[in-house]
Amino acid sequence: MSKPTIAVAMSGGVDSSVVAGLLHREGYPCVGLTMQLWNQRRLPELATDKATGRCCSLDDVYDARAVANFVGIPYYVVNFEDRFEQHVVKPFVDEYLAGRTPIPCTLCNNFIKFDQFLEMADGVGAEKIATGHYARIQFDEASGRWQMLRSADTTKDQTYFLFGLTQSQLARTMFPLGGMLKPQVRELAIGLGLPVAEKPDSQEICFVPNGDYAAFIDAYFREQGIAPEQVSGQVVTPDGEVLGEHAGVHHFTVGQRKGIEVKRQKPEPLYVIETNPVTRQVVVGANSDLLRTDLAVEQINWISIAPPVAPIRAEVRIRNRHTPAPATLTPTASGVQVRFDAPQRAVTPGQAAVFYSGEVVLGGGWIAS
Amino acid sequence: MLRSYFDHNATTPISEAALAALTACLRDAPGNASSIHRFGQEAKQRLEQARRQVAAAAQAKPDQVIFTGGGTEANNLAIFGSLRAGKRHVVTTAVEHPAVLSPARELDVTVVGVDGQGLVDPDEIRRAIRPETALISVMSVNNELGTIQPLALVHAVAREYGVPLHTDAVQALGKTAIYPAELVTLSAHKVYGPQGIGALIARVPVRKVTFGGHHERDRRPGTENVAGAVAFGAACMDLSAVGPELRDQLEREILRRIPRTRVNGAGAPRVANTANVLFEGIEGEPLVIGLDLRGFAVSSGSACSSGAVEPSHVLTAIGLSREDARSCLRFSLGRANTEAEVLALVDALEPVVARLRKLSPAYV
């Protein structure tokens with residue numbers, strides 16, 4: 001039986017380069033594609049001297065092309081700038097303004113990489129896609145479902161950002177690195193002789209230089225002609241006492257301690273406990289005000305199990321760096337109500353809540369409140 | 001896999017004659033054309049022979065030929081070299097190549113729109129002219145559509161106001177007559193010559209824009225690319241054009257076999273080798289990739305610095321939406337294309353288009 005043609009999403013980094021090298025070695029016909037998502041010439045005030053590690057920089061495209069040529073697979077750059085702006089950048093900015101803290105990587109996975117990119121793969125005649133994500137996919141005969149599992153390298157696991165993948169998307173997706181440890185991936189890169197084997201990992205959100213969301217949004221506002229006074233407001237206590245001013249709710253996220261400027265000092269440290277987009281107020285309080293037991297999760301995508309009809313037990317992760325905590329999930333009309341066994345710090349609307357049973361990803365959704 | 005090349009407006013394969021001239025010159029004339037000794041004289045002799053050949057192709061005098069590093073440099077020299085004290089305004093059109101639009105945008109520029117076929121209205125040029133206008137720049141043949149601009153009419157307007165006319169004629173050479181504007185840009189690699197050599201025909205004085213020695217009659221400094229110029233000259237000795245038969249057959253077969261297709265610019269005078277076709281509701285990018293993987297080289301839009309495709313400013317200028325502009329392919333034929341290749345191309349196009357339309361929600 002001939003192997004299916006695979007479109008490999010190549011970023012120019014080590015991970016996706018190893019994917020291309022591995023699949024080619026295993027005899028799969030591959031096409032390398034790099035998605036041009038963001039024009040780095042935009043928002044020039046954000047430019048830094050450090051051009052590497054920034055997605056869609058010419059250096060990364062150069063590296064991806066060099067790897068594809070080295071491996072010996074056809075390679076193309078495809079323009080997704082309009083789609084990325086529409087499905088990721090604009091919603092990212094809108095979410096911040098709506099008092100939530102968005103996750104652009106999840107938006108990109110849901111609407112670009114596993115949707116439009118899959119369509120591009122169809123267009124060029126590829127049956128499957130492969131990426132360098134750290135997660136595992138397997139088919140469960142008993143339930144007849146595609147399941148997602150946490151990656152073997154627990155420090156690299158990206159399942160928190162991948163909870164939106166549907167059954168049909170999972171059926172056509174390969175994560176060849178899901179079962180490997182990062183040092184093994186580096187060794188493979190060296191073993192394959194890939195020209196990017198020594199390239200450092202990229203850390204930040206691809207289109208936001210230095211991870212400074214607020215500076216990005218400020219620059220975006222200037223480009224779009226939105227005046228700063230349209231987003232500035234007051235810093236208040238839960239009782240409504242005005243403590244100071246702020247330059248925009250997008251500078252704050254729940255649980256944040258840095259950057260809160262108040263005229264009158266409080267005896268204990270202040271944390272953001274809520275941002276209110278309507279009044280444009282940032283509510284601050286004590287660390288203990290951040291502890292929550294209950295949260296509502298909406299727009300849920302169930303992956304490894306069918307949607308439950310009765311309460312189930314699961315471990316719930318509410319941030320990428322959060323250790324999943326045991327909870328009871330009760331189905332509601334719009335999603336599930338999560339009740340943690342023990343209170344959790346900084347439940348943040350706009351972030352994802354992802355449900356696990358051990359290493360199996362059951363599903364996930366968006367924290368509404 | 002057999003490969004068929006339908007992208008001759010991007011570049012042409014070098015002809016045997018040009019290649020032979022290039023290698024012979026590199027081998028046999030190793031001197032610097034500015035040197036006094038006989039090595040230099042030999043190189044100079046070949047350079048001047050090439051200059052006469054290029055001049056003849058453009059119906060110009062040899063001393064009007066300034067060899068450059070290609071079309072882009074010639075356009076920059078034409079535009080910046082025409083500026084004078086108090087005259088720093090340029091009139092050009094919305095369908096020019098970036099090699100004209102981009103330098104023009106460094107100056108005070110009026111960009112005149114075009115009609116649905118890509119043609120400029122000479123009266124609009126007239127309305128754009130100001131006392132400080134230094135130059136009018138209108139391309140001869142559009143690289144994406146193949147449409148031929150009414151340069152004689154534009155030139156009549158330009159002369160009325162005493163403004164020199166520049167025309168980027170890189171897509172005209174070897175396809176249609178070269179209009180004798182005051183300044184004319186030519187490029188070797190569009191006529192089966194090598195890349196990296198072009199010329200500006202200057203019937204009026206131009207000031208140099210790069211500085212160094214006194215080469216090219218003090219208009220373009222730098223050691224001459226003698227072998228490139230010689231190969232360009234050789235290419236100019238054979239400017240036989242392809243006829244419209246294969247292009248017409250390609251358009252006919254596409255329109256007949258693939259629904260919801262349309263030829264852009266078909267209502268204007270066109271050169272014989274270029275077809276620009278709109279495939280409604282389809283992304284051009286996967287179409288180009290899908291065809292390339294099947295061995296057919298075509299193009300869509302213009303490549304940005306990363307190599308991704310940007311929607312063509314030419315197609316939006318003739319009134320296409322951004323979406324429709326993304327849905328167009330350019331086929332540009334050349335001397336080696338055959339009827340069998342054209343038919344094989346349409347055979348490959350039909351199923352790829354059908355599959356993309358099945359996927360695309362835009363196509364209902």
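The values are calculated or read from the model by the stated rules, or taken from the named source; none is laboratory data. Quantities reported herein were computed from a predicted structural model and do not represent experimental measurements. Methodologically, a virtual Cβ is constructed for each residue, glycine included, from the backbone with ideal geometry; neighbour enumeration extends over all protein chains shown.
Against the conditions (1) farther than 20 Å from residue A:234 by Cα; (2) touching a Gly at 6+ places or on another chain (Cβ under 8 Å); (3) crowded, with 17+ Cβ neighbours inside 10 Å, residue A:299 satisfies every one except (3). Taken residue by residue, the range B:67-75 has no member that is closer than 30 Å to residue B:342 by Cα and out of contact with any helix residue (DSSP H, G or I) (no Cβ under 8 Å at 6 or more places or on another chain).
Taking helices (runs of 4 or more DSSP H) that fall entirely within the range A:80-163, which contain at least 2 residues that are closer than 18 Å to residue A:174 by Cβ and either in contact with a helix residue (DSSP H, G or I) (Cβ under 6 Å, 6 or more places away or on another chain) or assigned by TED's automatic domain parsing to the domain that holds residue A:300 (or both)?
A:117-123
Considered as a group, the residues in the range B:293-304 that are modelled with pLDDT under 95 and either touching a Gly at 6+ places or on another chain (Cβ under 7 Å) or closer than 20 Å to residue B:146 by Cα (or both) include one that is surrounded by the most Cβ atoms within 10 Å (Cβ to Cβ), and that residue is B:300.
Matching residues to (1) more than 14 Å from every other protein chain (Cβ to nearest Cβ); (2) within 21 Å of residue B:2 (Cα to Cα):
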position	(1), (2)
B:265	yes, no
B:269	yes, no
B:281	no, no
B:285	no, no
B:297	no, yes
B:322	no, no
B:325	no, no
B:331	yes, yes
B:357	no, no
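Considered as a group, the residues in the range A:57-71 that are among the charged types (D, E, K, R) and without any contact (Cβ under 8 Å) to a residue 60 or more places away in the chain include one that is farthest from residue A:43 (Cα to Cα), and that residue is A:65. Somewhere in the range B:301-319, is a residue more than 10 Å from chain A (Cβ to nearest Cβ) and closer than 19 Å to residue B:248 by Cβ? No - not one qualifying residue is present in the range B:301-319. Is the range B:177-191 home to any residue that is among the hydroxyl-bearing types (Ser, Thr, Tyr) and touching a Pro at 6+ places or on another chain (Cβ under 7 Å)? Looking for residues that are among the hydroxyl-bearing types (Ser, Thr, Tyr) and touching a Pro at 6+ places or on another chain (Cβ under 7 Å), one finds none in the range B:177-191, hence no. The set of residues in the range B:189-233 that are out of contact with any strand residue (DSSP E or B) (no Cβ under 6 Å at 6 or more places or on another chain), assigned to a helix (DSSP H, G or I) and buried (at least 21 other Cβ atoms within 10 Å of the Cβ) comprises B:189, B:190, B:226, B:227, B:228, B:230, B:231, B:232, B:233. Restricting attention to the range A:307-335 and to residues that are aliphatic (A, V, I, L, M) and part of a loop (DSSP other than H, G, I, E, B), the residue that is nearest to residue A:369 (Cα to Cα) turns out to be A:318. Is there a residue being of a type in the set (A, V, I, L, M, F, W, C), in contact with a strand residue (DSSP E or B) (Cβ under 6 Å, 6 or more places away or on another chain) and over 25 Å from residue A:208 (Cα atoms) anywhere in the range A:259-271? So far as the range A:259-271 goes, yes, one or more of its residues are of a type in the set (A, V, I, L, M, F, W, C), in contact with a strand residue (DSSP E or B) (Cβ under 6 Å, 6 or more places away or on another chain) and over 25 Å from residue A:208 (Cα atoms).
Among the residues making up the range A:74-116, those that are within 11 Å of chain B (Cβ to nearest Cβ) and within 21 Å of residue A:58 (Cα to Cα) are A:74, A:75, A:76, A:77, A:78, A:79, A:80, A:81, A:82, A:83.
The rows are residues; the columns are (1) at pLDDT below 95; (2) over 26 Å from residue A:89 (Cβ atoms).
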residue	(1), (2)
A:2	yes, yes
A:7	no, no
A:18	no, yes
A:28	no, yes
A:39	yes, no
A:43	yes, no
A:47	yes, no
A:50	yes, no
A:53	yes, no
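Checking each residue in the range B:10-30 for being hydroxyl-bearing (Ser, Thr, Tyr) and assigned to a helix (DSSP H, G or I) picks out only B:23. In this entry, residue B:245 is excluded by the filter for residues that are within 14 Å of chain A (Cβ to nearest Cβ), farther than 30 Å from residue A:72 by Cα and among the acidic types (Asp, Glu). Taking each residue of the range A:186-205 that is at pLDDT 85 or above and looking for partners that are of a type in the set (A, V, I, L, M) and part of a loop (DSSP other than H, G, I, E, B) with beta-carbon atoms closer than 8 Å, six or more apart or interchain, yields A:186/A:197; A:188/A:180; A:189/A:196; A:189/A:197; A:190/A:197. Among residues of the range B:305-328 being more than 19 Å from residue A:120 (Cα to Cα) and under 21 Å from the mean Cα position of the chain (by Cα), the one that is modelled with the lowest pLDDT is B:305.
Within the range A:3-34, being assigned to a strand (DSSP E or B), aliphatic (A, V, I, L, M) and in contact with a Ser or Thr (Cβ under 8 Å, 6 or more places away or on another chain) holds for A:8, A:9, A:31.
Residue A:223 meets all of the listed conditions (1) surrounded by 13 or more Cβ atoms within 10 Å (Cβ to Cβ); (2) within 30 Å of residue A:280 (Cβ to Cβ) but one, namely (1). In this structure, residue A:269 qualifies as over 22 Å from residue A:352 (Cα atoms) and surrounded by fewer than 16 Cβ atoms within 10 Å (Cβ to Cβ).
Take the conditions (1) under 27 Å from the mean Cα position of the chain (by Cα); (2) loosely packed, with under 15 Cβ neighbours inside 10 Å; residue A:197 misses just one of them, which is (2).
Among what's in the range B:333-355 and is of a type in the set (Val, Ile, Thr) and more than 11 Å from chain A (Cβ to nearest Cβ), pick the residue that is surrounded by the fewest Cβ atoms within 10 Å (Cβ to Cβ). Applying the filter and picking the extreme gives B:338. Here residue A:288 meets the list (1) small (Gly, Ala, Ser); (2) within 30 Å of residue A:259 (Cβ to Cβ); (3) surrounded by 15 or more Cβ atoms within 10 Å (Cβ to Cβ) almost entirely, failing just condition (3).
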